[in-house]
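The values are calculated or read from the model by the stated rules, or taken from the named source; none is laboratory data. All of these numbers come straight from a predicted model, not from anything done at the bench. Because the Cβ atoms are built from the backbone with ideal geometry, glycine has one as well, and the counts that use them run over all protein chains shown.
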């Protein structure tokens, strides 16, 4: 398996910093040229259509984006998908739909730091009781066992651990416990969506799924999404006027909600992320670049990198997410070592972009990189 060359899809981003080696596709993915086309289209529609731009946004861009998400996740109904500026919005709205306090929360111990901060603050405020299980292999079974004993209202589980790259493909047992009256499961797909081939059809009737355009969808900020199973979180307390579009005929003073996932909407939002997301997905389709094809390209780069660090300082690090070529794998390498912060700083000084989480150095792989880029990266790693 060898990596190809898809740099023609990223000419603007590459030309903007031609000396940079960007190996943080898992953190801030470089934007393909198609995203620029989408961004300009958003501006031009606002200028051309003014107030009427919302007819195009909600009538054309929104359903197109819903279908792209549903196609990627094998969802049975695109209407179960709703968009917002970030996934944290959805966490707050879903939690607000649970009346009991303190809310009993169960999660893996390696969830995204925005969730961890919010959960810790809820605990401080006396609004939440929070328990965790060890992430990584077997997390689904551990969550299911803990849920039977703890009876949580809300369960959070990352499909791919944001720090370690560990994959949780065993969440069916947890989802089987879920009901509209509780408990509810939110699968955080931020490092899974468009990084792994994902078939969410079996879980879709009983579990939420969040993701976004910032990383592997290559569409940038402002285009987060949620799949919401029918009947779950029917009346969130945190709500905005976009959530009642289908209930405008209600009597004055009544608080209505859309019958589909739009019940979890807020208020006026910046639609440019939708333009970029649809433009990028359309471009990938025209190029024949499925998630499987992109993953194969990235896996070849990852294997080249791991095979090349022998004899370098990085060889002494623990690889937290090794994977055989035939297995699903995260689009980044997580290397644990006490020197990880120093390595990241030295690489950054050489204009090699990676990132570090505590003592874990992370290097992400994307379509805009080639085998020659990995060779250049390994040359810089040899100097550490």
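If I filter region 146-169 down to residues being at pLDDT 90 or above and in contact with a helix residue (DSSP H, G or I) (Cβ under 9 Å, 6 or more places away or on another chain), which single residue comes out as nearest to residue 299 (Cα to Cα)?
So the residue we want is 158.
Farther than 26 Å from residue 194 by Cβ, touching a strand residue (DSSP E or B) at 6+ places or on another chain (Cβ under 6 Å) and touching a residue at least 24 places away in the same chain (Cβ under 8 Å): which single residue out of 317, 340 fits that description? Break it down into steps so the answer makes sense when it comes.
On the way: 340 fails: touching a residue at least 24 places away in the same chain (Cβ under 8 Å).
Of the residues listed, the single one that is farther than 26 Å from residue 194 by Cβ, touching a strand residue (DSSP E or B) at 6+ places or on another chain (Cβ under 6 Å) and touching a residue at least 24 places away in the same chain (Cβ under 8 Å) is 317.
Select from region 213-232 the residues that are at pLDDT 95 or above, farther than 15 Å from residue 38 by Cβ and out of contact with any strand residue (DSSP E or B) (no Cβ under 7 Å at 6 or more places or on another chain) and list them in ascending order.
230, 231
Looking only at region 358-384, which residues are over 13 Å from residue 28 (Cα atoms) and part of a strand (DSSP E or B)?
360, 361
I'm trying to understand the selection: among the residues of region 78-88, which are surrounded by fewer than 22 Cβ atoms within 10 Å (Cβ to Cβ) and under 14 Å from residue 263 (Cα atoms)?
Selection gives 79 alone.
Restrict the check to region 15-27 and report whether at least one residue is at pLDDT below 95, crowded, with 20+ Cβ neighbours inside 10 Å and outside any helix (DSSP H, G or I).
yes
Only one of these conditions is not met by residue 30: (1) touching a residue at least 12 places away in the same chain (Cβ under 8 Å); (2) assigned to a helix (DSSP H, G or I); (3) touching a helix residue (DSSP H, G or I) at 6+ places or on another chain (Cβ under 7 Å). Which number is it?
(2)
Would you pick out the residues in region 28-70 that are in contact with a strand residue (DSSP E or B) (Cβ under 9 Å, 6 or more places away or on another chain), at pLDDT 95 or above and more than 30 Å from residue 202 (Cα to Cα)?
Selection gives 30 alone.
Report the residue count in region 89-112 for those that are loosely packed, with under 13 Cβ neighbours inside 10 Å and touching a residue at least 40 places away in the same chain (Cβ under 8 Å).
Matching residues across region 89-112 total 1.
Please go through (1) surrounded by fewer than 22 Cβ atoms within 10 Å (Cβ to Cβ); (2) within 23 Å of the chain's Cα centre (by Cα); (3) within 21 Å of residue 206 (Cα to Cα) for residue 146 and return the number of the only condition it doesn't satisfy.
So residue 146 meets the others, but not (2).
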